[in-house]
Each structure stands twice: as C-alpha cells, then as structure tokens.
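The values are calculated or read from the model by the stated rules, or taken from the named source; none is laboratory data. What you see is a predicted model, and the numbers here were worked out from it, not measured in a lab. Cβ: placed from backbone, ideal geometry, glycine included. Neighbour counts: every protein chain shown.
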Amino acid sequence: MSDLYSDFNYPGSELHSQRAREKAGRTSLSKAEPIVKASDIAYILFNKTDLRLQKAFLVDFGFQIAQETPDALYMRGTGALPYFYVAHKNAKLNGFFGAGYSVNSEAELHRVSEICAQPISAIDGPGGGQRVRLHDPDGFIVDLVWGRELVDELPQRQLPAVNTPSEKVRVNTGIRTKTAPSPVHRLGHYVLSVSNFEESIQWYMRHLGIIPTDVQCLEDGTPALAFNRLDKGATPADHHTVVLVQNAAAGYMHSAYETLDIDSVGQGQQYLKLNGWNHFWGIGRHILGSQVFDYWLDPSGDELEHYADGDVFDAEFETRYHPLDMGSLWAWGDDVPPAMRPRFSLKRMIAAVRAVKTGRIERKTLGMLKKAMELPARPWF
C-alpha cells in the first residue's frame, strides 16, 4: 500500500479490503499534454425558470447583484471578478449547463481557437471580454475566456485573532457575527457526474491543464473520481476546481463558494434558515480538501455550498490514490444525507442501461460503483 494512503485514514476506512487498498493507485492516470493551462475559474452557467425567486435566494446566500436583465442574472462576490454566476431565463428548464475558465493571455485564447477550430466571440455581461466556446464529452459548455475587466473588491470584516490553549492573543474583546448573509468571496469549484470517466478526465486535462490532486478508485483499482486543481506552477491552487465522478449519466452535483471563515459559514446557515430556505447538509469538514462546508438547495433543487479554510497545493504535489466510498466525504459533522447517496429510480435504470449499451460504461463498473456507495459511511450510524 502506498504511504500516501496513510494520510487518508478516517473512521470507517478500515471497511475497505486490503486488496482494494493495495490496488488504489496501481492504475494511475496518464497525463494529457495541455493545450493551455487555465489560470482561474471564471463563471458557472445555469438555466432558471424563475429569476426573481433565484435572485432572492442568491442574495440571501451572500451573492451581490452585478447586472440584472429580463433574461439573465449576473452575480458577483466580494472579489475582483465582475461576476461568477449566471442564471439565464428559461421557460421550461432548470439546471447547470456549463462553466468558464480564464486563460493567461490573448495569445493562449487564439491557440485554443486554432487547435480546437472554434471561433473567438465577445462575452455578454459585465466586464466584457472574449471567449472560445467548447463542449466537454457529455455536452456541457466549457468556455475559455480572456480580457474581462476586473472590478474593485468589496470591503470585508477583519478576521478575528484566535485564542488557543497555549496562546491567548484576543484580549479584552469578543467575536460577534452579524445576522446577515455570509460574505461570499468567489466561486471555488463545481462537481460533475460524467458518463465516461477516462474520456472526461483526459479531455479536461488536455483543454484546461488540470492536475488530479486526489483520485478515488473502485475495488479493482480503476479510477472513478478525481479532485482536480489548476496548474499555477509554484503558486498554490485550490485542492480542486472541478471534480469528475463516474456515473451512469452525466449531470451537475454541486457548486461551492468561498467565504471568510468558519464563523461566516455558520453565519450563512443561520441567515438562510431564518429566511426559510432548504438546508441540505452541514456544518462539517471535508477530508479531501479539508474545507469547512455547509450545503443548501436553491429554489429549483440545485446544490450550493458555502466553504472556508480549504487546502491548496502547488504543481509539484503528486497525485494521491485512495479507495472510493462515501465516508471519505467528511471528517466530522452530521451523516451524509440520504439524498446524496445513489437511489434507485426508473430514470436512473434507463440511463444505466443506455450507458452500457452505448459503451459509455461497463456493467461491472456499475456494479463496483454500487458496492462502493453501499459501504457504511460511518459504522456507528
């Protein structure tokens, strides 16, 4: 077993067989040569049938309105991006349909355009800029963007000094949080189910230059889930910006937005509960990425996460491999909600049959995924 696995022990990890532990990492991911290396995540794109209701939720979640039209809602945070969340008016559909990533120069944008044979076009919305629009193997939009005008950052509260058993640095003062939305700073990451993991991870590595930080494997050693960070060289990058998860059908799982600290995460939970929104999971701390998290459902049922205090890694950090299970999602906090586990439905069954028939996934892979997800996440629950 790799020494890297020793950093992955958690209550319930002993349920994996020694064989599964030893096989994790034997089938390592081959690294595709990137066309470009994305420098940041720029925005995420959704369709929403009710922009008024969506705006009310997002404002309570901690977003700021950057621009509002009858057909679109552009939301920003306290950071310098002109916006990072776009909701388009759609009379029939709700849900995610794509994301954008910044590149480092106009020359890189032209390189993507030439190699991928796609045109450069102007970006609608605050800040302008240009984009090359691509589609990943499951049809989701991936924009490569350059030239957006940044905006002034918004003021935020000063982080409090922290008292520890051995050092008391906060003297004659206390910590008080406002009854107000959590101050969201930026879009941090999103998670996608993909219909063919190997095809998708290779596509994202080639077109964005992402680096898998942590990869989780099925019992035969096959990689099935990857937490991927941007390649910023010596500059540390978030543990993950896009997560790809093997499934019978492609789809959005959640997106995550960074706030200041654990108090801001708690502040956000209290304010959203006060205003009657639907809580999903948290507060807790993840294992892979270490973020303090809290999950909410927007009016159409899409998951959004507040997070703080996440891990960062430079480009030299080597990819780690681990067995796949639900218990690896969190170190402490309430048990993972039942809705986060795969559930049987006619729609899922049809998707699985179609995926097998079209060769997107093997029958044995579906069986191993099911087995991994059925392991007790926490044996005492």
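Can you find a residue in region 189-205 that is more than 18 Å from residue 324 (Cβ to Cβ), at pLDDT 95 or above and in contact with a His (Cβ under 6 Å, 6 or more places away or on another chain)? Yes; the residues of region 189-205 include at least one that is more than 18 Å from residue 324 (Cβ to Cβ), at pLDDT 95 or above and in contact with a His (Cβ under 6 Å, 6 or more places away or on another chain). Filtered by the rule that a residue be crowded, with 17+ Cβ neighbours inside 10 Å, among the small types (Gly, Ala, Ser) and closer than 29 Å to residue 104 by Cβ, region 21-61 gives 38, 39, 42.
Run residue 183 past the list (1) touching a strand residue (DSSP E or B) at 6+ places or on another chain (Cβ under 7 Å); (2) touching a residue at least 24 places away in the same chain (Cβ under 8 Å) and report the number of the one that doesn't hold. Unmet for residue 183, out of (1) touching a strand residue (DSSP E or B) at 6+ places or on another chain (Cβ under 7 Å); (2) touching a residue at least 24 places away in the same chain (Cβ under 8 Å): (1).
Yes or no, residue by residue, for (1) more than 17 Å from residue 189 (Cβ to Cβ); (2) without any contact (Cβ under 8 Å) to a residue 60 or more places away in the chain; (3) surrounded by fewer than 16 Cβ atoms within 10 Å (Cβ to Cβ):
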position: 306; (1), (2), (3): no, no, no
position: 315; (1), (2), (3): yes, no, no
position: 325; (1), (2), (3): yes, no, no
position: 333; (1), (2), (3): yes, yes, no
position: 337; (1), (2), (3): yes, yes, yes
position: 352; (1), (2), (3): yes, no, no
position: 355; (1), (2), (3): yes, no, no
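Within region 212-269, the residues that satisfy the criterion of being more than 13 Å from the chain's Cα centre (by Cα), in a loop (DSSP other than H, G, I, E, B), modelled with pLDDT of 95 or more and aliphatic (A, V, I, L, M) are 234, 260.
Residue selection: residue 360 fails the criterion of being of a type in the set (Lys, Arg), surrounded by fewer than 17 Cβ atoms within 10 Å (Cβ to Cβ), touching a residue at least 24 places away in the same chain (Cβ under 8 Å) and part of a loop (DSSP other than H, G, I, E, B).
Inspection of region 170-182 finds no residue satisfying the criterion of being crowded, with 23+ Cβ neighbours inside 10 Å, within 30 Å of residue 354 (Cα to Cα) and at pLDDT 95 or above.
Among the residues making up region 74-130, those that are assigned to a loop (DSSP other than H, G, I, E, B), β-branched (Val, Ile, Thr) and touching a strand residue (DSSP E or B) at 6+ places or on another chain (Cβ under 6 Å) are 103, 123. The single residue among 245, 215, 265 that is farther than 30 Å from residue 162 by Cα and either surrounded by fewer than 18 Cβ atoms within 10 Å (Cβ to Cβ) or out of contact with any Leu (no Cβ under 6 Å at 6 or more places or on another chain) (or both) turns out to be 215. Scanning region 283-326 for residues that are under 20 Å from residue 85 (Cβ atoms) and part of a strand (DSSP E or B) yields 293, 294, 295, 296, 297, 303, 304, 305, 306, 307, 308.
Evaluation of residue 234 against the conditions (1) closer than 18 Å to residue 362 by Cβ; (2) surrounded by fewer than 23 Cβ atoms within 10 Å (Cβ to Cβ); (3) touching an Asp or Glu at 6+ places or on another chain (Cβ under 8 Å) shows that the sole unmet condition is (1).
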